[in-house]
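In what follows, a structure is listed as structure tokens, so that the remarks can point back to it.
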Amino acid sequence: MKNILNLKIVSQVLFVLVSMFVLFSLTLSASALTASNSVTLSATINEILTFNLGSSTLNLGVLSTNAASSGSHTMTLLTNSLTGAVVTYSGTTLTSGTNSVTGLATASDSTIDTPQFGLNLVASPCTGTGTIATAATGYSTAGKFKFTTGDAVLSSTGPINTTTCTASYVANIAGTTAVGSYSTVLTYTASSGV
């Protein structure tokens, strides 16, 4: 520290001017500094169930004793439910007034000249990527058809990717099957978490 003292007398008043200088020495060093904090992230994934039919109408044509009548449409199913999903159907067999074509209570072959109506899911195997749903017992054998209202036709036991299946129908009549315009409405219901 250096002190300088200046004295001046001006008009008989003494002024003292004092100046002080202070010298500092500062050394900076380069060193890495770090700081850290945490963040907790959270999200919710809601259950997803998507189900669609490829068509809402299907014409089986004119039924004959000489050949089976058939038709098909696709259905798609997707779910992320941990317990999977199931597709059931309900409705009646082909009916015209009080007359009907016999629904196949067990998986059976299509037999011409025999009244029968049924469906299966194996005309073309169910497709998808990775884990997919499968056709239910009774509806999963090629050439076999069944019709039992309330049955499950497609299911999975866990999450599945989009699964596309073909539902195929067959109708046969006998010569004694009553004339008429036959129809039915089948309702397919997909449920998850069951």
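Please treat every number below as a calculation from the coordinates, not as lab data. Fair warning: this is a prediction, and the values are worked out from it, not measured in the lab. Here Cβ is always computed from backbone atoms with ideal geometry, including for glycine, and neighbour counts include all displayed protein chains.
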Karplus 3J(HN,Hα) series, Hz, for the range 161-167 with 6.51 cos²θ - 1.76 cosθ + 1.60 (x for Gly, Pro): 6, 4, 10, 10, 10, 10, 8
Listed by chain and number, the residues whose amide H is under 5 Å from that of Val122, excluding neighbours fewer than 5 places away on the same chain and using placed H, are Ser168
Residues of the range 33-72 with backbone N under 20 Å of the label point set 7 Å from the Cα of Ser183 along Cα→Cβ are 53-64, 69-72
